[in-house]
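Below is one structure, written out as structure tokens; the observations come after it.
The values are calculated or read from the model by the stated rules, or taken from the named source; none is laboratory data. Everything quoted here is computed from the prediction, not taken from an experiment. As a convention, Cβ positions derive from the backbone with ideal geometry for all residues, glycine included, and neighbour counts pool all protein chains shown. Side chains are part of the model used for accessible areas, which takes the heavy atoms of the whole protein and leaves out ligands, DNA and RNA. Shrake-Rupley method; radii C 1.70, N 1.55, O 1.52, S 1.80 Å.
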Amino acid sequence: MAGRQITYLTDALMITCIVQASQADKVVKAAQDVGAQGATVTYARGTGIRERMGLMGVAIDEQKEMIRIIVSQEQADRVFEAMYLAGDLDKPGMGIMFMNDLDRVATYIPDEVMADALKPTPQKKPAKKPAKKPAKKPAKKPAKKLAAKKAGAKK
Amino acid sequence: MITEIGAFLHKGTGNKLVAQLKDDKRVLGIYVEAGRTEDLFAFREFGSASENDIVTILVETKNADRLFKLVSQKAALTEPQSGLVYQMPLHKRAS
């Protein structure tokens with residue numbers, strides 16, 4: 001076991017999306033188009049909305065596909081939205097999706113990727129602030145005083 | 001507090017993991033399901049996808065670290081295309 005190390009990734013989320021059977025592929029494709037690496041799909045059986053919709057419920061497939069995708073925090077919202085739109089989840093009975101925070105993730109990370117990640121990032125020097133010029137005193141406005149005096153004279 | 005440890009593994013290894021961990025007292029529950037994956041493994045069976053096992057383990061949060069390491073070692077994550085293990089907090093459990 002010597003020399004083996006597990007690298008943990010943090011700031012990851014898992015998107016779970018449950019759709020009708022045979023809909024998963026287009027949802028996964030949409031996720032991949034906006035940057036997701038891939039997805040894992042399993043089969044399931046759903047209940048609930050199908051019964052509530054009465055006769056219209058026969059149009060909803062009882063067989064479901066459950067898609068799980070692990071994404072970084074930066075791309076999570078983008079992937080979530082793409083999947084939602086691709087799966088037509090804004091229509092009744094089409095499915096449901098949710099997103100969970102993950103504490104950590106472990107997988108194989110190639111050495112070169114690891115080396116890149118561990119490189120210290122060069123810190124930018126703070127830009128020099130221009131020396132503050134002494135604030136000019138506001139010019140006196142004698143005109144107003146004169147006007148006030150005139151007003152007082154009228155009274 | 002309860003934590004879920006999930007593992008996406010090669011087809012066939014899920015049941016082996018279940019057999020190894022089912023008698024572990026730290027494991028509150030362990031389940032395996034079969035699915036297909038797009039990117040985790042190098043071999044392809046159905047176009048761009050390959051079969052895989054998904055193992056879900058429920059443990060007390062205090063035991064999560066040890067179990068996570070154990071599962072990661074059994075999954076041989078130091079090799080390329082070996083799968084993925086994740087850990088996720090759960091809010092409530094009842095049984």
- Note on the structure: When segment B:1-44 is checked residue by residue, the ones that are open to solvent by less than 30 Å² (accessible area, probe 1.4 Å), of a type in the set (Ser, Thr, Tyr) and modelled with pLDDT under 90 are B:Thr37
- Message: Residue under question is B:Ser72, and the condition is that it be open to solvent by less than 10 Å² (accessible area, probe 1.4 Å) and over 22 Å from A:Asn100 (Cβ atoms); does it hold?
- Response: no
- Being under 16 Å from B:Gln81 (Cβ atoms) and either open to solvent by less than 100 Å² (accessible area, probe 1.4 Å) or aromatic (Phe, Trp, Tyr) (or both) is the filter here, so list the residues in segment A:106-125 that pass it. A:Ala106, A:Thr107, A:Tyr108, A:Ile109, A:Pro110, A:Val113
- Note on the structure: Apart from one, (1) surrounded by fewer than 18 Cβ atoms within 10 Å (Cβ to Cβ); (2) more than 23 Å from B:Lys69 (Cα to Cα); (3) under 21 Å from the mean Cα position of the chain (by Cα); (4) of a type outside the set (S, T, N, Q) all hold for A:Leu9; the odd one out is (2)
- So which residues in segment B:45-69 are buried (at least 20 other Cβ atoms within 10 Å of the Cβ), part of a strand (DSSP E or B) and under 12 Å from the mean Cα position of the chain (by Cα), if there are any at all? B:Asn52, B:Asp53, B:Ile54, B:Val55, B:Ile57
- Checked segment B:70-95 for anything charged (D, E, K, R) and either at the interface with chain A (Cβ under 7 Å from one of its Cβ atoms) or over 19 Å from B:Gly29 (Cα atoms) (or both); matches are B:Glu79
